[in-house]
Structure formats: C-alpha cells, structure tokens
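Just below is one structure, and these are the notes that go with it.
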Amino acid sequence: MEIAPGKTKLGWVGTGVMGRSMCSHLMAKGFEMTVYTRSEEKAKDLIAAGAKWAASPKAVAENSDVVFAIVGFPSDVREVFLGENGALAGSKSGNVLVDMTTSEPSLAVEIYEAAKSKGVHSVDAPVSGGDIGAKEARLSIMIGGDKDVVDALQPCWDAMGKTIVHQGGAGAGQHTKMVNQILISSMMIGVCEALLYGYKAGLDLETVMKSVSTGAAGSWSLSNLGPRMMVNNFDPGFFVEHFVKDMGIALAESRRMGLSMPGLALAEQLYQSVKAKGWGRNGTHALMLALAEMSGVDWMNR
C-alpha cells in the first residue's frame, strides 16, 4: 500500500476547531481532498482552497481512498463510520478509515471488525495538542491498528503532527488518549488553583509565571492555557463538553478494569459544574471560572 500526494485521494469528515487545520495541512501537501461536515458553511475555506464537497460521509468514501474523521461524540463516530450513510457503506475493498476523534476504545474495535469484514482497513488515531497544535501541525497522534496500514499512512501523519506513535492494535490509540486525558484532568485543577491563589495573594501573575513555568511545576497546560486565563480568553482549544465526554469514557473504562480513580472522578465532577454553568462550549481552561466562583472571586472583572 502506497499513500502519496497525486496518487491517493483523501476524504475528511468534520471541520471544527481542529479538523479544519488538520485537513488544510494535508491539502497543502498536495493531496486531493473531498470533505463533508454538517454545515457546508464551516468547510467554505477548504472548498475555496480546492476541496470537493460531498453530501454525506458515504459520498466522501465513494470518492476517496482514505477517509479521516474528527467529530464530537462516540454517537457521531458511529454514525459517520457505521451509519446507513456512513463511510464504511461507501468504501470498497482496500480503502482505509481513520478516526481521529477521541472516542470509546470498544467502538474503535467494533469499527475495525466491521471494516475488516468488508476488506477495508480501520485505524484509530486520536490526537492531543488542541487548536494550536492543529494549526502548527505539531499534534501528538496516538495510533491503534495494523502496523502495515499505520506505516503506509506516514505521509499523512507527518503533515499533521510531530509526535507519532503506533501504540498497538485496534483501540490502543483510544486507550492511550484516555491516559492523556486523565493526566490533563487533575493537572488543570492544579493550574487553576495555583493561579487563583497567586491572584488572591496579590501577586503579579505574569511575574509569577516567569518563576514557576520552567521548573518542576511547569506543564503544557500552565504555559499555554495559563496566559489565556490571565487575559480572560476562554475561547476553545478543546471544548469543555468534549472533555466531559472524554472523562466519562475514561471513568467507564476504569470501572470495567476495576480501578479506583478518585482524582479523575473529582475532575469530572468539577467539569460537570463548568458545563452546568453554561461554559460547555468554552475551552477546558474555563475551569478557572467555576473554581473562582466557588471562592467568591469574580475572575472576569478582577
């Protein structure tokens, strides 16, 4: 299997915060692209750049050799790949389906088996890095699937990411992304509480960041999302409602494996509060707003 610009036709489903950038990077490498999203308006920039529009994921697959998708929830993944008008229904033997959504490991296995029965390849490849990583083509891509298929897709991975690791068979990419989300969930509590403490203590947060961001307390969340919190920019790099979904998947998998995850459970409950307050479409760093409110701090008007 050889995948290369000028030879391989690609398809893309889902042009949201991250998908639009990821798709555009593939097009910039010279790949022919067919796209579908629920609102054609959201794909207008890609269409203007030369992508063809299709009326359904099935139609995308009918015009593509490899179909990528990054959508919202497991129910969307199921519809996009396994639905009546899904990509598998439009695929022929030898085609490849790549789900880059963070979704359920068990669903990744189900898609893999359904695709295999039709002679189609399937790969789960969730990503980390948010909107910035997507824009700058330096995502971390965690991949599950057959090694020969994963290796053949290398030109596509290289166009979108910097840290590309094949984790194992079907579902392994999704399990790895759960590890990633568990790490972030408790870390974000620490970032928000630390900056809230610094503010209440009367410190200049920009000066504080100079001391703490490069030492043992440093993290991606602190360095990239801390400055956004400080200027009240809670635009989404990754939606709160999607993070709540991810933590729910991780908790369900943990229960299945008999694991006690008190830190993850606390983070999930705090983020449920963020969502309930109407900030579900804000970025994950909007946790600051909920934690500040608990302490009677009006963070936005401080």
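Can you give me the number of residues within the range 224-251 that are of a type outside the set (Phe, Trp, Tyr), within 19 Å of the chain's Cα centre (by Cα) and assigned to a helix (DSSP H, G or I)?
13
If the Cβ limit is 8 Å and pairs must be 6+ apart or interchain, which residue in the range 37-63 that is over 17 Å from residue 98 (Cβ atoms) pairs with which residue that is part of a loop (DSSP other than H, G, I, E, B) and among the acidic types (Asp, Glu)?
Filtered contacts from the range 37-63: no entries.
Could you tell me whether residue 39 is over 12 Å from residue 14 (Cα atoms) and among the polar types (S, T, N, Q)?
no
Looking for something assigned to a strand (DSSP E or B) and small (Gly, Ala, Ser) - is there at least one such residue anywhere in the range 110-124?
Yes, some residue in the range 110-124 is assigned to a strand (DSSP E or B) and small (Gly, Ala, Ser).
Just wondering, is there one or more residues in the range 184-193 that are of a type in the set (Val, Ile, Thr), part of a helix (DSSP H, G or I) and over 30 Å from residue 286 (Cα atoms)?
Checked against the condition, which is being of a type in the set (Val, Ile, Thr), part of a helix (DSSP H, G or I) and over 30 Å from residue 286 (Cα atoms), the range 184-193 yields no hits at all.
Select from the range 83-101 the residues that are free of Cβ contacts under 8 Å to residues at least 40 places away in the same chain and buried (at least 18 other Cβ atoms within 10 Å of the Cβ) and list them in ascending order.
86, 88, 90, 91, 95, 97, 99
Has the range 82-91 got any residue that is closer than 24 Å to residue 131 by Cβ and either out of contact with any Leu (no Cβ under 7 Å at 6 or more places or on another chain) or of a type in the set (Ser, Thr, Tyr) (or both)?
Checked the range 82-91: no residue is closer than 24 Å to residue 131 by Cβ and either out of contact with any Leu (no Cβ under 7 Å at 6 or more places or on another chain) or of a type in the set (Ser, Thr, Tyr) (or both).
Could you list all residues from the range 129-161 that are modelled with pLDDT under 95 and of a type outside the set (A, V, I, L, M)?
129, 130, 131, 133
Among the residues of the range 38-62, what is the count of those that are under 25 Å from residue 136 (Cβ atoms) and surrounded by 20 or more Cβ atoms within 10 Å (Cβ to Cβ)?
Final tally of qualifying residues: 3.
Being touching a Lys or Arg at 6+ places or on another chain (Cβ under 9 Å) and under 23 Å from residue 17 (Cβ atoms) narrows it down to one residue among 108, 89, 134; which is it?
Among 108, 89, 134, only 134 is touching a Lys or Arg at 6+ places or on another chain (Cβ under 9 Å) and under 23 Å from residue 17 (Cβ atoms).
Inside the range 64-82, can you point out the residues that are without any contact (Cβ under 8 Å) to a residue 60 or more places away in the chain and of a type in the set (A, V, I, L, M, F, W, C)?
Hits for the range 64-82 are 67, 69, 70, 71, 77, 81, 82.
What residue, of 266, 259, is more than 21 Å from the chain's Cα centre (by Cα) and part of a helix (DSSP H, G or I)? Break it down stepwise before answering.
Working: 259 fails: part of a helix (DSSP H, G or I).
Unique residue meeting the criteria: 266.
Being of a type outside the set (S, T, N, Q) and either at pLDDT below 95 or in contact with a His (Cβ under 9 Å, 6 or more places away or on another chain) (or both) is the filter here, so list the residues in the range 67-97 that pass it.
72, 73, 94, 96, 97
The values are calculated or read from the model by the stated rules, or taken from the named source; none is laboratory data. A quick note: this is a predicted structure, and the numbers were derived from the prediction, not measured. Quick reminder, even Gly has a Cβ in these numbers, built from the backbone with ideal geometry, and neighbours come from all protein chains shown.
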